[in-house]
Amino acid sequence: MNIPFTTNPRPDTGVYNAKLGIWLFLASEVMLFGALFSSYILIRVGAPEVGENAWPLGSDILSVPVAFTNTMVLITSSITMVMAWASLAMKKFDKYKMFMGITIALGLTFLVIKGFEYNSKFEHHLFPSTSNFMAIYFTITGLHVLHVIGGLIVNFYLWIPGAKMWESDPERFTNRIEVAGLYWHFVDLVWIFLFPVLYLL
Amino acid sequence: MDASVKEKSSHDDHSHHEEAFIWKYVFSIDHKVIGIQYGVTALLFLFFGFTLMMLMRWQLAYPGEAIPVISGLFSETTMPDGIMLPEFYNSLGAMHGTIMVFLAVVPLVVGAFGNYLVPLQVGAIDMAFPKLNMASYWVYFVGGIVMLVGFWMPGGAANSGWTSYPPLSNIATTGQTVWLLGMVFLITSSLLGSMNIIVTIVQLRAEGLTWMKLPFFTWAQLVTSFLLLLAFPPLEAAGVLQLMDRLTGSSFFMPSGLVVSGEVLDIAGGGSPLLWQHLFWFLAHPEVYVLILPALGIIAEVIANNTRKPLWGYKSMVYATIFLGFISFTVWAHHMFLTGMGTAINAFFQTTTMIISIPSVIILTALMISLWGGSIRFNSAMLFACAFLPMFGIGGLTGLPLGLTASDIHLHDTYYVIGHFHYVVAPGTIFAIFAGIYYWYPKVTGRAMNEMLGKIHFWLSLIFINGIFFPMFIQGLAGVSRRLYDGGASYAHAQDYLYLNEFMSISAWLLALAQIPFIINFFISWKSGQKAGDNHWDATTLEWSATTSPPLGHGNFEVVPTVYRGPYEYSVPGKDKDFTPQNEA
């Protein structure tokens, strides 16, 4: 006996199991990042208006052009992720390989840029212990980086070792790309919130 | 083909057989085995958490006296010459709470009962994601080990209370870091588990099993899983922030100018200790309903079955549960009335707190009215269920003065609070767990537990558990603080109520002895209990009516059932038997 609705949607709910699962997972992730953004608001509101501990303007400390580049990198990777899924839906496996490859490359590019950015902060002796602004910056972006790494591991698995499933169960494999894509878009979306909050405001 | 492969492997050599054992019983992906793994592990943690408390109760009853007999078991840094050090007492308190909530009761009601019963009750062959289910158990197991490792850290296990309030917890010994890491594992585990339960209920319901035909237990599990899914992440965020504070020296929870041991700390400052409390209670209040909702689910099943009549107000119970789930996200700051949030915020949370008592009362009232006019079978499971109702009632009603800001000023952080929530969780949820164990034991093992031992276990537990917790109300009303290492001996206003300490401690130790009949019963019945039929209690829900006891190893059902009727069709007029199973056409 097999577990039903692993591939085809259940008629009365309209989704297959993994799709409901990933939406629930993302709901939980929203609460995680929501709590962190709320913490950001609470600490910022509590900071003094002037003086040593006053809240700095993000763009005075952080590099907006670098972050803007990274924003573009992630948005592009979200687009290629959709293209990868669409290729499979159109039964074009070679195109899928290409678009997934680009997605992974863009994800890695994001990490490399982020690495340089962290490094320049450390060189200027800016650490989480420096100020609460730096602390929340490192915490939220750090957690986001962990999510990017997690997404890259999944994407890499689906790119090379897990792609064998295309031969045995193409529909389910297409679903897997859709689910991984939903997660990837979420990671992208977190960054899109994170960029203005930390760098611009 | 599957059957022939199985047959072949059973004739194979020894090494092959061992491998099979590992996959069948250790790294199993069968929800029933995982449920049992959760159950056994969590029962061990329940016992361990209780042991920590029994040690504390010695110190409270006889402060400063050497503990007899077992004093040699402890190191110089915890109990030199058998006399408990204050730091160790604090560790015991923090770990008792942590272990009982996160490692014992929630894994029992959700991990064990939820895992085992939800797929059976919805007529599914397994959980929606069996491998995630296995991962959920093992991540929980690792989290438990990490928590225990804390006891061997320099300075001992976490000692800032189970709530880990900063700044104290930020400057506490290494055990606190271990506690935070352990929590990350436990949160991950509950995330995987709750996702799985929701998808299973939504997607894998058998044909004909519409929402209002779901057993109340499954409804309770559904709402509980949503609470776990959405309330735990903020605690994870809080845990990450506290880890940052402890490991990188950030100041999320550290206010400017904090003085420790006479010296101003060299930190950036500007943080807010209240932020932790908000994030913590945003989890920990829904967590209270995670503890109680599945218990209400268990009680509903046991009561419907043993009164031989339908639950009174099944639909209102379901709607009340859903409402309760939503509103439980809006009451958290009633734990923080005395932090100086301001009267406007206090008034808001006082109002929501009064509102949330309504659905709880609806559910409890429906369960009580369900008893009316039934020909009740007083077996062990039903005795525990009957005791649950007034015990949970006491726990709930004593919560009202704590939810009102004016009376909370007096009662906050006294033994009254301890009495209140222990009535909800101990003779409440833990009694429901016992009811559930007696009720579903025949399904899991194919044999019934001994009724005589069960009744001894029940009556002794009922007496002694009240002996522990009722005097706490008296002490608390007199203003005795809950965090006193000597039980109040050095406080003038506590003098008149010190005599209760010894009484409560002796009750606690006797309660431990009262568990012996249960432990004997639990193990003896596994092999030599009275054989139980497939539907031992003449029940209507699918786990009893559609499968064997114990259910088939792989796939649960010989034929996946189709559902035709509601969950509690007992004593339907005109039928020749007093129960009509859900899968009976």
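The values are calculated or read from the model by the stated rules, or taken from the named source; none is laboratory data. Quantities reported herein were computed from a predicted structural model and do not represent experimental measurements. Reconstructed Cβ throughout: ideal geometry from the backbone, glycine too, with neighbour counts over all protein chains shown. Areas reflect the complete protein model, heavy atoms only, side chains present, ligands, DNA and RNA absent. Shrake-Rupley method; radii C 1.70, N 1.55, O 1.52, S 1.80 Å.
Numbers below:
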| item | result |
| --- | --- |
| Near pairs, Cβ below 6 angstrom, 6+ apart or cross-chain, from region B:261-284 (facing another protein chain (nearest Cβ under 7 Å)) to any residue that is of a type in the set (A, V, I, L, M, F, W, C) and open to solvent by 50 Å² or more (accessible area, probe 1.4 Å) | B:Leu275/A:Leu42 |
| Counted residues, region A:1-20 - those being under 27 Å from the mean Cα position of the chain (by Cα), at the interface with chain B (Cβ under 8 Å from one of its Cβ atoms) and without any contact (Cβ under 8 Å) to a residue 12 or more places away in the chain | 2 |
| Matching residues, region B:246-260, being within 8 Å of another protein chain (Cβ to nearest Cβ), farther than 14 Å from A:Leu36 by Cβ and crowded, with 19+ Cβ neighbours inside 10 Å | B:Ser251 |
| Looking only at region A:105-135, and only at residues there that are in contact with a Gly (Cβ under 8 Å, 6 or more places away or on another chain) and within 14 Å of chain B (Cβ to nearest Cβ), the one that is most open to solvent (accessible area, probe 1.4 Å) | A:Phe127 |
| Positions within region A:136-153 being among the β-branched types (Val, Ile, Thr), in contact (Cβ under 8 Å) with a residue 12 or more places away in the chain and more than 12 Å from every other protein chain (Cβ to nearest Cβ), in sequence order | A:Thr141, A:Val145, A:Val148, A:Ile149 |
| Helices (runs of 4 or more DSSP H) fully within region B:30-142 counting 1 or more residues that are farther than 21 Å from B:Ile201 by Cα | B:31-61, B:86-98 |
| Residue match in region B:65-76 (condition: surrounded by 14 or more Cβ atoms within 10 Å (Cβ to Cβ) and either in contact with a strand residue (DSSP E or B) (Cβ under 9 Å, 6 or more places away or on another chain) or closer than 15 Å to B:Gly487 by Cβ (or both)) | yes |
| All helices (runs of 4 or more DSSP H) inside region B:366-412 with 2 or more residues being under 18 Å from B:Tyr438 (Cβ atoms) and at pLDDT 95 or above | B:380-397 |
| Selected residue (only one of B:Ser189, B:Ser164, B:Ser169, B:Ser136 is out of contact with any helix residue (DSSP H, G or I) (no Cβ under 6 Å at 6 or more places or on another chain) and hydroxyl-bearing (Ser, Thr, Tyr)) | B:Ser164 |
| Residues (in contact with a helix residue (DSSP H, G or I) (Cβ under 9 Å, 6 or more places away or on another chain), farther than 11 Å from B:Gly403 by Cα and assigned to a helix (DSSP H, G or I)) located in region B:329-347 | B:Phe329, B:Thr330, B:Leu338, B:Thr339, B:Thr343, B:Ile345 |
| Pick from region B:321-342, criterion open to solvent by 60 Å² or more (accessible area, probe 1.4 Å) and free of Cβ contacts under 8 Å to residues at least 24 places away in the same chain, ranking: farthest from the chain's Cα centre (by Cα) | B:Gly340 |
| Of the criteria (1) open to solvent by 10 Å² or more (accessible area, probe 1.4 Å); (2) in a helix (DSSP H, G or I), which one B:Phe280 fails | (1) |
| Only listed residue being within 13 Å of another protein chain (Cβ to nearest Cβ), in contact (Cβ under 8 Å) with a residue 12 or more places away in the chain and under 20 Å from the mean Cα position of the chain (by Cα), chosen from B:Leu209, B:Leu230 | B:Leu230 |
| Meets criteria (on the phi < 0 side of the Ramachandran plot, touching a helix residue (DSSP H, G or I) at 6+ places or on another chain (Cβ under 7 Å) and open to solvent by 40 Å² or more (accessible area, probe 1.4 Å)) for B:Ile376 | yes |
| Which listed residue is surrounded by 24 or more Cβ atoms within 10 Å (Cβ to Cβ) and in contact with a Leu (Cβ under 8 Å, 6 or more places away or on another chain), from B:Met79, B:Met147 | B:Met147 |
| Criterion: under 19 Å from B:Pro442 (Cβ atoms), crowded, with 22+ Cβ neighbours inside 10 Å and more than 14 Å from every other protein chain (Cβ to nearest Cβ) - qualifying residue of B:Ala532, B:Ala539 | B:Ala539 |
